[in-house]
Amino acid sequence: MTVAIDRATGKRRGDAPRPGLGQRLKHGYQKHWYAYVMIAPVVVVLGVLVLYPLGYGMYLTLTDANSLNTARTIGVNEIEATYKFIGLDNYADILWGETAYDRFWSHFIWTIVWTAACVALHYTIGLGLALLLNQKLRGRTFYRLILVLPWAVPTFVTVFGWRFMLSDGGIINSALESLHLPTPLWLEDSFWQRFAAIMVNTWCGVPFMMVSLLGGLQSIDSSLYEAAEMDGANAWQRFRYVTLPGLRSVSSTVVLLGIIWTFNQFAVIFLLFGNTAPDAQILVTWAYYLGFGQQPRDFAQSAAYGILLLAILIVFTSFYRRWLNRNEQQLAI
C-alpha cells in the first residue's frame, strides 16, 4: 500500500509500518557510503587521540591510581598494577574534603578571576587597536604586522622573554629603579606573580582578538555609518548603535574561544613560574602538578581535575550559547 506523508503534520499516512533502526541505518549507509568512507580516517584519529584518553582518564578518576601502585617496569622486573576502584571518592575529596579549599576552591576562584581579567583586557585592547587599524592611517600595514608579532612568535619564546625581563635584574625593574620607583618581586610575591601572569597573557592574547575584530569591522556596511552621520549621530552613538551590533556575531565567538583558551592556558603559567608559585597556579597547571610535579604522582586526582575542568567548560558553554540565542531572539522581536 502506498504510504504518504502529511506535509502539514509531518506524520505518515497508510498502513505500512515505520522502518526499523537497522533498516534506516542500512539505507543511510547505502545512500551516503562515500561520505562515511571520507570521514572514517578523521573518526579513527579522534577516537585514538581524544576519545580513548578521555575514557581512560574518566576510569582513572574512579580509582586510587598513583605512581606507586600502577603497572611499571624497574630494570627487568615488571610490577603489576595494584590500584583499586573507589568510585566517586576522588571527586568528594576534591570538592568537600578537609583540604578542598586549598587544593581546589582557591585555585578555582583564581582561575575565574584570571579568565575574566584576561578576556576583558583581550577584548578591550583588541577592539581599541582594531578600531585604530580600521582607519586610513599612514603605514597601516606596518602597524598590523608589528601588532600581530606577539601572536606569531611561539608562546614559549614570548614567555621566557618576559621571564627574563621580570627577573630581579631584568630590564623592567632596572627601568623602575632608574626612575626611583618601587621594584616589585614579579616572580616571587603572590600578588605580583598573579599580576605578571595576567600581563603576559594579555600580551599574548590581544593580537588574535584584534585581528578577529578587525575582520568584523571591515564586514560592516559603510552605508550604515553614513546614514547614522546624516541622522546626526556623534562618534559614540555610531560606535554604540552601529559598530557594536555589527560585531555581535564575531564578538560572541571570539569571547567564547578566549574564555575556553584562557581557562585552560597552561603554557603561560607553567613557563613563567613552573612549580614555584602555588598561589598563581590555575586549575589546569595545578592538575599537572598533582599528576607530574610531586611524589608520589597522583594520577587519579589529576585526572579528576581534568574531568571537572571539562564539565565546567561544558556547562558554561551551554549557558553562554543559550544566553546568546535568547538575546538574538529578543532583538529579532
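Numerical summary
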read-out: Separation in nanometres of the label points that stand 7 Å from Cα toward Cβ, at ALA267 and TYR34; value: 4.0 nm
read-out: Pair ILE220, ASN134: separation of 7 Å Cα→Cβ label points (nm); value: 0.4 nm
read-out: Spatial separation of Cα centroids for the stretch 180-207 and the stretch 97-144, in angstrom; value: 13 Å
read-out: Using θ = phi - 60° and Karplus 6.51 cos²θ - 1.76 cosθ + 1.60, couplings along the stretch 267-273 (whole Hz; Gly, Pro as x); value: 4, 5, 5, 5, 6, 7, 10
read-out: Cα gyration tensor shape for the stretch 231-333, rounded if a/c is under 1.5, else prolate or oblate; value: oblate
read-out: Under DSSP loop assignment and at most 15 Cβ neighbours within 10 Å, longest GluC sites (Glu not before Pro)-free interval of the chain; value: 189-333
read-out: Percent carbon-and-sulfur accessible area, the chain, ignoring ligands, DNA and RNA, probe 1.4 Å; value: 65 percent
read-out: Phi to ³J(HN,Hα) by Karplus 6.51 cos²θ - 1.76 cosθ + 1.60 over the stretch 170-183, Hz, x for Gly, Pro; value: x, 5, 5, 5, 5, 5, 5, 5, 5, 8, 6, 10, x, 10
read-out: Average accessible area per residue (Å²) across the chain - probe 1.4 Å, nucleic acids and ligands excluded; value: 64 Å²
read-out: Mean Cβ count within 10 Å, highest first, over the residues of peptides 198-204, 251-257; value: 198-204, 251-257
read-out: Relative contact order of the chain, pairs being alpha-carbon contacts under 8 Å that are 6 or more residues apart, as %; value: 22 percent
read-out: Surface accessible to a 1.4 Å probe, ILE314 within the full protein complex, Å²; value: 100 Å²
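The values are calculated or read from the model by the stated rules, or taken from the named source; none is laboratory data. These numbers were taken from a predicted model, which means no experiment stands behind them. Note that we place each Cβ from the backbone using ideal geometry, even for glycine, and neighbour counts take in every protein chain shown. Please note that ligands, DNA and RNA were not included when accessible areas were found on the heavy atoms of the full protein model with its side chains. Shrake-Rupley method; radii C 1.70, N 1.55, O 1.52, S 1.80 Å.
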